[in-house]
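For reference, the structure discussed in these notes is given below.
Quick note: the coordinates plus some simple rules give every number you see, no bench work behind them. All values derive from a computational prediction rather than experimental measurement.
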């Protein structure tokens, strides 16, 4: 008998739907004590996550695990071996070094952190809120959440409850966040009911500086609804962006979610270099998702008859909101965002969400192309009767005359060298931003200056009709 055979405590087999078909007594007992039955979906969350990862990625996984059977803590070393389709497409589960120990005392803080981690992994919609519960940004891989995301894009920066219908809540905002943590809601475009989690950001003893908004559906998405959504999306256009975006959105979101699960070690202990590798995968997935957004926007702005709404837009307010959305990114690189504006509001006639989209692109580029511990200035002004303008000025290397002639061209990536190491964009951001500015009867240009100023890099000027 070799060493592996002497250590082997239990063996089990799962199918292509992660159902436990057969299991030795220790594994079967743990599975049943967690509420499962044989055959039935593997009921041990820690093992289910590993089995699912191994099956979906076709990779062998070997790592330590810890689970709770209701009375004791069970630990061991599990090996997950994916099986070919000829053998059922499931996994062989081998557990070695099986050990039991009394459950350690868990304080309320540790338990709350564990619940938060589980909800983060299970959430299909993730958003970041400011201290007033206003939405800063939202991401989702759920096909039935597109209407919800479009509503936020059309009218951004509102309190999150403005976009949903709360279940069993009679009071209206403003409400203390603790009263909303755990409520259920619905929203247009989805037939499912969603449980809401609000996780405060910042020290527990102080007022939260913002919130994580997690939305967890109470049932899986109906496959027919997903197909209908994809057919509807594909029917919007036959061009590449709208054809690719709905097809790739969900698998990319799954890649990002799985990589984040690995990076944060929710699935179990992991060596540091593998955690960093998973972080790189997640970042690459987010970059690819952003490129899909650019392709979809490209089709919108190049569509015949594309127009924008005409409404009064306070440029100072738009600048503050864009800076708030990108504040964390700037803080990570030690960059200060400095907004200058006159005492009186500067009003333009434009479409607010398109102005915000342009500003996020300009400020995001300025952050990426500026050296660490520098300043990005967002200056709101009205130098003439018409138009009004908004300038974004960084302290990077600047834009040469040759670059300025081509920087707004489609797919042009010559731009500038990114101090943040992010020089792999789609080359569409500035092109789309200028098309949006022109559609609003304005313009976007690079301001060239003859004076020498080591602290002055590139300057972009957005002009819009005065309100």
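Here are the numbers for the structure shown:
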read-out	value
Cα-based shape type of segment 295-337, given that a ≥ b ≥ c are square roots of the gyration tensor eigenvalues and the cut on a/c is 1.5	oblate
Overall Cα dimensions of segment 3-102 - principal axes, largest extent first, Å	40, 32, 20
Rg over Rh, two decimals, segment 321-416 (C-alpha only, Kirkwood Rh)	0.98
Gyration tensor verdict on segment 310-361 (Cα atoms; rounded if a/c is under 1.5, prolate if a/b is larger than b/c, oblate otherwise)	oblate
